[in-house]
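Attaching a single structure in structure tokens format; questions to follow.
The values are calculated or read from the model by the stated rules, or taken from the named source; none is laboratory data. Remember, predicted model here, so these are calculated numbers, not experimental data. Neighbour counts are summed over all protein chains in view; Cβ atoms, including those assigned to glycine, are modelled from backbone coordinates with ideal geometry. Each accessible area value is taken on the protein alone, full model and side chains, heavy atoms only, with ligands, DNA and RNA left out. Shrake-Rupley method; radii C 1.70, N 1.55, O 1.52, S 1.80 Å.
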Amino acid sequence: MNNFTIGTFSALSNEEAIKLLGETFEDELKYLQSANSTPETLTNATSGAEFITPSKQLYNADYDEVNRTLLGMLALKWILANDYQCFTQAQAPAVVLQQESFDELRKLCLNQFEDSDNILPLLVAIVINDLGKSPRLAEAVEKATGKPMADANHDEVVYIAAE
């Protein structure tokens, strides 16, 4: 069964989706565990409750770039599932995305899947984009190509790795 169709993926609970993404992208997420980043505190803006991060659910530890990547994937799930509540729960009431804007975003997103409801290629693109943030990948690319990666941004690292 393809767990990455719009209907199947969007019907998963957040916990089930995180587990599935963790299993599917296990190797890529290991690279992201070593990525340097600025930590953020995630809270539910309406209740103030601490948000249990995806990496905490998977690894019992927080990894900022793993969280950013998985939350991007969850955001896609929430859009596909028409889950405005989950999509906006961490937004402060003063700046929360309006329902009408969310509806337009969802419509735009769904229009991209006219010929196929397979979202796996989009999820792969999300995780690949973030891989360049891993110093482990930058070191491997530098070793393989001889090109210095110290000043390369994460997009350049991925681009050179793919050449």
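Please give the peptides 67-75, 3-11 ranked by average Cβ packing (other Cβ atoms within 10 Å per residue), highest first, as a rough proxy for protection.
Values: 67-75: 20.8, 3-11: 16.4.
Ranked from most to least packed, the peptides come out as 67-75, 3-11.
Taking the alpha carbon gyration tensor of segment 68-163, what are the square roots of 5 times its eigenvalues, largest first, to the nearest whole Å?
34, 17, 10
Another question, if that's okay. Counting Lys +1, Arg +1, Asp -1, Glu -1, what net charge surrounds TYR84 among other residues with beta carbon under 11 Å of its beta carbon?
That works out to -2.
Along the three principal axes, how long is the chain when you take its alpha carbons, biggest first, rounded to the nearest angstrom?
Cα extents, longest axis first: 50, 40, 29 Å.
May I ask you to give the percent of accessible area on the chain that is carbon plus sulfur, with a probe radius of 1.4 Å?
Solvent-exposed carbon and sulfur of the chain make up 51 percent of the total.
Something else now. Quote the relative contact order of segment 21-163 in percent (integer), defining contacts as alpha-carbon pairs under 8 Å separated by 6+ residues.
With pairs under 8 Å counted, the relative contact order is 26 percent.
How much mean residue ellipticity at 222 nm does the chain get from its helices, if each DSSP H run of length 4 or more adds -39500 (n - 2.57) and you divide by all residues, to the nearest 500 deg cm²/dmol?
Numbers: 10 runs with 98 residues, N = 163.
Taken over the chain, the calculation gives -17500 deg cm²/dmol.
A further question follows. With a 1.4 Å probe and all protein chains left in place, how much accessible area per residue does segment 1-154 have, in Å²?
Ligands and nucleic acids excluded, the figure is 57 Å² per residue.
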